[in-house]
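Accompanying notes for the structure given below.
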Amino acid sequence: MSEKIDCAVIGAGVVGLAIARGLALAGREVVILEAEEAFGTHTSSRNSEVIHAGIYYPTGSLKARLCVPGGRALYQYCAAHGVNHRRIGKLIVATGPDQIEGLKKYQRQAEINGIGDLRMLTVNEIAELEPEVRAVAGFLSPSTGIVDSHGLMLAYLGDAEARGASLALASPVNSGAVTGDGIALNVGGNEAMTIVCNTVINSAGFNAQAVARTITGIPPDTIPPTYYAIGHYYTLSGTAPFKRLIYPVARQDWLGVHVTVDLGGRVKFGPDFSWIDRIDYCFDESRTAAFYEAIRRYYPGLKDGALQPGYTGIRPKITGKGEPAADFVIQGLRDHGIKGLVNLYGIESPGLTSSLAIADYVAELLKN
Ligand SMILES: Cc1cc2nc3c(=O)[nH]c(=O)nc-3n(C[C@H](O)[C@H](O)[C@H](O)COP(=O)(O)OP(=O)(O)OC[C@H]3O[C@@H](n4cnc5c(N)ncnc54)[C@H](O)[C@@H]3O)c2cc1C
């Protein structure tokens, strides 16, 4: 069976849902195609749920350009739509003198990225704000917060559906082709069919490269390689010792074992970072000792036995070990030569924070 539709969004994660919402609000007919039996079961529900201020990202990068306005838009959206969130603030701390230069680097980058509210703290101020934290220097990012990612996705989906969009679950896109009449997608599942679309948004998370490779007509040299990096989260039993998020100065290519407080006041530590070859969310408990060691650098009061294995998440990377961290890659007509097609690759952190800004960016690309 074959059907003609206006827009298909492949992937019902937070980014696909934000894009579908944007297109539906603009009056387009939208079908969201999701391989799984529920929305948001992959990266969008396996993350830190932090609304990032946009401190770290390189000057002019898409991450910097989309995170800062995306975060502001997200706060407004959550407030207007009753999505549970809290602007709890974040302390970034140096645990030794060798990390102070790292702190200063963040501060300079934050200023370039347009974040004007960072406040340097004295050791006494750190102790007043977070008595359990040991640090030699630090600053406060008051505009960092937390959000209920499931509630957010539900709200995006609700907005999209209210404007006529539909979500097709258990509907994997298996292949496709760019034709003279639009982009044809072969959708599997119980009611397998081919749909021919004016517009296709490939927002399939860490599967986006694989999906693009099955669509005949997309130039293969525009599709980046695929890498995965897993992160583990441990939860803390007992009363929360912190009120805010605590991030140690980053080591290497990730933000370190940081503290996140969720909306229920529970504390979790993570994620760590390891390259993996395939998608497997299995929790590797051999990391426990390394977590205790990393956390005790800034939280010496952590008691033996207080950490419990939590969950894992997998970063959809497009550069591998030893290569510089990549920016978001969002390709439109100018990049691959196909009208009506947008491919999103490497949408790792801060993709949740940036979701509304990514949706606006995609809408602009489609005007070409
Ligand atoms: C450990 C970790 C921590 C993070 N922490 C934060 C944070 O605190 N703040 C922040 O802003 N960002 C954070 N992020 C990033 C954020 O979670 C992601 O950027 C965001 O969730 C990506 O959403 P997505 O919709 O692109 O991908 P996904 O959520 O992975 O959604 C893609 C969807 O596509 C579907 N799909 C795949 N293949 C097909 C197919 N062939 N046909 C149909 N559907 C398909 C999948 O089933 C999935 O539902 C974190 C990421 C990780 C890994």
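Tabulated values for the structure
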| read-out | value |
| --- | --- |
| Nearest-20 debye value, the chain charge dipole, Cβ charges on Lys, Arg, Asp, Glu | 820 |
| In range of the label at ARG213: residues from segment 261-295 whose backbone nitrogen is under 20 Å from the point 7 Å along Cα→Cβ | 275-281 |
| For the chain, calculated [θ]222 nm from helices alone, where every DSSP H run of n ≥ 4 adds -39500 (n - 2.57) | -8500 deg cm²/dmol |
| Beta bridges per DSSP with both ends in the chain, % antiparallel, nearest 5 | 65 |
| Net length gained if the chain between ALA240 and LEU25 were fully extended (0.36 nm per residue, minus Cα distance) | 73.3 nm |
| Dipole in debye (nearest 20) - segment 124-269, about Cα centre, beta carbon charges: Lys, Arg +1; Asp, Glu -1 | 260 |
| Taking the convex hull of Cα positions in segment 1-61, its mean projected area over all directions (nm²) | 6.5 |
| Backbone N under 17 Å from the ALA170 label point (7 Å along Cα→Cβ), restricted to segment 39-65 | 39-41 |
| Residues SER61 and ASN124, FRET efficiency given R0 of 45 Å [Cβ-Cβ distance, rounded to 0.05] | 0.80 |
| Mean Cβ neighbour count within 10 Å, used as a protection proxy, ranking 346-357, 201-212, 317-328 highest first | 346-357, 201-212, 317-328 |
| Unit Cα scatterers, Debye sum, the chain: log10 I(q)/I(0) for q = 0.09, 0.10, 0.13 Å⁻¹ | -0.51, -0.63, -1.02 |
| Cα lying deepest toward the dipole's positive end in the chain, options GLY158, TYR298, PRO224, charges on Cβ | TYR298 |
| Charge dipole of segment 69-122 about the Cα centre (unit charges at C-beta), most positive-ward option of ALA94, THR122, TYR77 | TYR77 |
| Two-site FRET efficiency, ASP304 against ASP277, from Cβ-Cβ distance with R₀ of 25 Å, rounded to 0.05 | 0.15 |
| Mean Cβ neighbour count within 10 Å, used as a protection proxy, ranking 279-290, 334-345 highest first | 334-345, 279-290 |
| Cross-link pairs LYS63/LYS367; LYS243/LYS321; LYS63/LYS104; LYS105/LYS317; LYS317/LYS339; LYS63/LYS268 - those with Cα-Cα distance over 28 Å | LYS243/LYS321 |
| Fully extended contour minus Cα-Cα distance, from LYS104 to GLU161, at 0.36 nm per residue | 16.0 nm |
| Net lengthening on full extension, ALA177/ASN190 (0.36 nm per residue, minus Cα-Cα) | 2.6 nm |
| Order of PHE242, PHE39 - criterion: other Cβ atoms within 10 Å of each residue's Cβ, fewest first | PHE242, PHE39 |
| ASP221-GLU111 pseudo-label distance in nm [points 7 Å out on the Cα-to-Cβ vector] | 4.2 |
| Dipole-positive endmost among GLY313, ILE246, GLY40 within the chain (Cβ charges, Cα centre) | ILE246 |
| Inter-label distance, nm, simple model (7 Å from Cα along the C-beta direction), SER286/ALA363 | 4.9 |
| Sites ARG86 and LYS339, calculated FRET efficiency, Cβ-Cβ separation with R0 45 Å, nearest 0.05 | 0.60 |
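Where a number appears in this text, it was derived from the coordinates with a stated rule and is not lab data. In this text the structure is predicted, and so the values were computed from the model without any measurement. Cβ sites come from the backbone with ideal geometry, for glycine too, and all protein chains shown count toward neighbours.
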